[in-house]
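The values are calculated or read from the model by the stated rules, or taken from the named source; none is laboratory data. The shown structure was predicted, so the numbers you read here are calculated from the model rather than taken from an experiment. Cβ placement follows ideal geometry from the backbone for every residue including glycine, while neighbour counts extend to all protein chains displayed. Side chains are part of the model used for accessible areas, which takes the heavy atoms of the whole protein and leaves out ligands, DNA and RNA. Shrake-Rupley method; radii C 1.70, N 1.55, O 1.52, S 1.80 Å.
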Amino acid sequence: MPGSSGSTNGATKAMGAMTFGGLVVVTAYTVALGSNGWLWFGWVVLGLLTLALVVTQS
């Protein structure tokens, strides 16, 4: 389908933006209130999902 690659590319960009935004939020939380292992674990999982999405599209 010709239009599917554009929407998939948009999904990849959205996941990348969410991953970057999540990093900013988790870092700000860590600086303000101290480290929370679950937040970092969640961010790592989100990052791995984003990486998997990028790899499967290549």
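Before moving on, here are some points about what is shown:
For every residue, the table says whether it meets (1) modelled with pLDDT under 90; (2) over 11 Å from the mean Cα position of the chain (by Cα); (3) assigned to a helix (DSSP H, G or I); (4) exposed (fewer than 11 other Cβ atoms within 10 Å of the Cβ).
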position	(1), (2), (3), (4)
Gly22	no, no, yes, no
Val26	no, yes, yes, no
Val31	no, yes, yes, yes
Trp40	no, yes, yes, no
Leu49	no, no, yes, no
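- Pairs are defined by a Cβ separation below 7 Å, a sequence spacing of at least 6 or placement on different chains, a first member in the range 45-57 that is under 13 Å from Gly16 (Cβ atoms), and a second member that is modelled with pLDDT of 90 or more and open to solvent by 70 Å² or more (accessible area, probe 1.4 Å); the pairs so defined are Leu46/Met18.
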